[in-house]
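As structure tokens, the structure follows; a few thoughts come after it.
The values are calculated or read from the model by the stated rules, or taken from the named source; none is laboratory data. None of the values given here were measured: they were computed from a predicted structure. Reconstructed Cβ throughout: ideal geometry from the backbone, glycine too, with neighbour counts over all protein chains shown.
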Amino acid sequence: MTLLDRDVIAVSDLSDDEIQALLRLAREFAGPEGRPTPRNELADRIVACLFFEPSTRTRLSFESAAHRLGARVIGFSSPAATSFAKGETLSDTIRTVSHYADLIVLRHPKDGSARLAAELSEVPVVNAGDGSHSHPTQSLVDFFTIGDERGTTTNNNVVLLGDLRFGRTTHSLATLLSRFGNKVTCVSPPGLEMPEGVIEECARHGRRPDQTNDLVGALADADVLYVTRIQKERFADPAEYLKYAGSYRIDDDILRHAEADLTILHPLPRVGEIDHAVDRRPGAAWFRQARNGVPVRMALLTSILKETPQILTEATR
Ligand code: CP
């Protein structure tokens, strides 16, 4: 397997072996404390982080990963201060920046923008979230975290809760979980169900997810509860968003219906879907999940930009 010079636009761009190798490499980078030490693997490289949409975790963990590997980072956190504000197209931006960097990390509000960018770019493109379509690196982080918290990435019973229609992290995660033999149960407010295309993709590559409105029933034998927010920014009509806001909330009361060791994940940001009292539960893992963003993205950047990651040759010495 080699990810050298490859784009990562969807989890389907990666084979099962490549995903497992990435997780092993991320484990090496994380070390026993989950806190990567600075390295020089990418000392001669430049990573461009182009964020056309707001982000805290994805942008900063990519930048942290690049810095911890010795790479330099260029880019922007908002298009307002770029020539996009003068009317420049994404295509022209990508064609330009691909001469300034060795890899482009792109977040953009349009579904399919990352694939378009990959077709135009001279250097590899990593999708950091394209509209409501996909967020493959978040799903790798989620998958790594499930392995960490549950001791295995197969045969888990995972409940996905929330806005599964627009929640791009759930689309790529459902696909990944199904491929690796996990049971996925989708729970969403009516109207925000998982797209049929994602369900079909899961079924083609593994187990078909169940779909239900019965959260209490789904929690009864769940190993992992993955909570997402309603994706306010994806609703054309604010009144439509208000119909769903506050329609579900995880608190200690509802968690009485789950096993005591339930692992609870959230890609964050959370905006009221989880009561803060739940933070005290040992299975509340969303900040460990956010922490894992750095080693997982270190593994990805190294694999794309370096033929034989130094850390692996060290490990086999
Ligand atoms: N999980 C995630 O994508 O968070 P940000 O929007 O803060 O990057």
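Right, LEU305: of a type outside the set (Ser, Thr, Tyr) and either under 19 Å from THR154 (Cα atoms) or in contact with a Pro (Cβ under 9 Å, 6 or more places away or on another chain) (or both) or not?
Working: of a type outside the set (Ser, Thr, Tyr): yes; either under 19 Å from THR154 (Cα atoms) or in contact with a Pro (Cβ under 9 Å, 6 or more places away or on another chain) (or both): yes.
Answer is yes for this residue.
Restricting to the range 131-160, count the residues that are charged (D, E, K, R) and within 12 Å of the ligand (Cβ to nearest atom).
Selection size over the range 131-160: 1.
Might you check whether a residue that is of a type outside the set (A, V, I, L, M, F, W, C) and either in a helix (DSSP H, G or I) or more than 15 Å from the ligand (Cβ to nearest atom) (or both) occurs anywhere in the range 72-80? First the steps, then the outcome.
Here is the first cut: in the range 72-80, the ones of a type outside the set (A, V, I, L, M, F, W, C) are 72, 75, 77-79.
Within this subset, residues satisfying the condition of being either in a helix (DSSP H, G or I) or more than 15 Å from the ligand (Cβ to nearest atom) (or both) are 72, 79.
Scanning the range 72-80 turns up at least one residue that is of a type outside the set (A, V, I, L, M, F, W, C) and either in a helix (DSSP H, G or I) or more than 15 Å from the ligand (Cβ to nearest atom) (or both).
Could you list, in sequence order, all residues of the range 41-58 that are more than 16 Å from the ligand (Cβ to nearest atom), touching a residue at least 40 places away in the same chain (Cβ under 8 Å) and in a loop (DSSP other than H, G, I, E, B)?
GLU41, LEU42, ARG45
Only one residue in GLU200, GLU193 is in contact with a strand residue (DSSP E or B) (Cβ under 7 Å, 6 or more places away or on another chain), modelled with pLDDT of 95 or more and surrounded by fewer than 20 Cβ atoms within 10 Å (Cβ to Cβ), so which one is that? Talk me through it step by step, then tell me what you get.
Values: GLU200 fails: in contact with a strand residue (DSSP E or B) (Cβ under 7 Å, 6 or more places away or on another chain).
Of GLU200, GLU193, the one residue that is in contact with a strand residue (DSSP E or B) (Cβ under 7 Å, 6 or more places away or on another chain), modelled with pLDDT of 95 or more and surrounded by fewer than 20 Cβ atoms within 10 Å (Cβ to Cβ) is GLU193.
For ALA26, are the conditions met, namely being of a type in the set (A, V, I, L, M), under 21 Å from the mean Cα position of the chain (by Cα), under 20 Å from ALA128 (Cα atoms) and assigned to a helix (DSSP H, G or I)? Spell out the reasoning first.
On the way: of a type in the set (A, V, I, L, M): yes; under 21 Å from the mean Cα position of the chain (by Cα): yes; under 20 Å from ALA128 (Cα atoms): yes; assigned to a helix (DSSP H, G or I): yes.
Considered against the rule, which asks whether it is of a type in the set (A, V, I, L, M), under 21 Å from the mean Cα position of the chain (by Cα), under 20 Å from ALA128 (Cα atoms) and assigned to a helix (DSSP H, G or I), ALA26 comes out as yes.
Where the second residue is outside any helix (DSSP H, G or I) and the first is farther than 20 Å from ALA285 by Cα and lies in the range 19-36, which pairs have Cβ atoms under 6 Å and are six or more apart or on separate chains?
That search, which allows pairs on different chains as well, returns ALA21/MET1.
Of the residues ALA66, ALA26, ALA30, only one is crowded, with 20+ Cβ neighbours inside 10 Å, within 16 Å of the ligand (Cβ to nearest atom) and within 16 Å of ALA299 (Cα to Cα); which? Please lay out each step first, then the result.
On the way: ALA26 fails: within 16 Å of the ligand (Cβ to nearest atom); ALA30 fails: within 16 Å of the ligand (Cβ to nearest atom).
When all the criteria are applied, what remains is ALA66.
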